[in-house]
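Working notes, beginning with the structure itself.
Readers should treat all values here as calculations from the given coordinates under stated rules, not as data from a laboratory. The structure presented is a predicted model; accordingly, all values stated were derived computationally and were not measured. We place every Cβ from the backbone using ideal geometry, glycine too, and count neighbours over all the protein chains shown.
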Amino acid sequence: MRARLTPRRSGSRRTPPLAALPLVVAAIAAVLPGRVAADVAIDGVVVPKAKVTMEITQDVIEFRTGTDPNPQVLPGAKRYGVCVLAAAPVAALDAELPRGDTATRLTVQAGDGRTFVRCLVTGLETEGAGAKHQLKYCLRCEDVTIP
């Protein structure tokens, strides 16, 4: 059966099939659980209005054997870095800034589902000014899980 997409005539009681689409979408949205995809969490605590940037790199070891001019490559160490951009200070990260004998290893959950584990704070920078001022906490992590 094909739906006709003809303009509605004056006085017609039939509703074109596509006119009901917004109602269907609204009904589905009301049933689904509300989770914002951009949530950033430190040790399970959501950081309001935060964003994450990440850097995952791997060293490559190049070597040659004998007289072969073509280099061979081997995988080296992987490095996982994540930076949390927040409009306000993040208590869990600020607690790691003063000099101390112990360092807490943190877990950072990015909005895309990646989880960086056993992270240490490596630095804090400020970006922007006025209403666009942000704090940029950077961490180096031992591993990452991918959704």
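Which residues, taken from the range 55-87, are assigned to a loop (DSSP other than H, G, I, E, B) and closer than 26 Å to D112 by Cβ?
Selection gives A87 alone.
Give the residues of the range 70-93 that are within 23 Å of K132 (Cα to Cα) and without any contact (Cβ under 8 Å) to a residue 24 or more places away in the chain, sorted by residue number.
A91, the sole residue that qualifies.
Find the residue count for the range 37-54, including only residues that are out of contact with any Phe, Trp or Tyr (no Cβ under 8 Å at 6 or more places or on another chain) and in a strand (DSSP E or B).
So the answer is 9.
Hey, can you tell me all the residues within the range 112-147 that are surrounded by 11 or more Cβ atoms within 10 Å (Cβ to Cβ) and assigned to a loop (DSSP other than H, G, I, E, B)?
D112, R114, G128, H133
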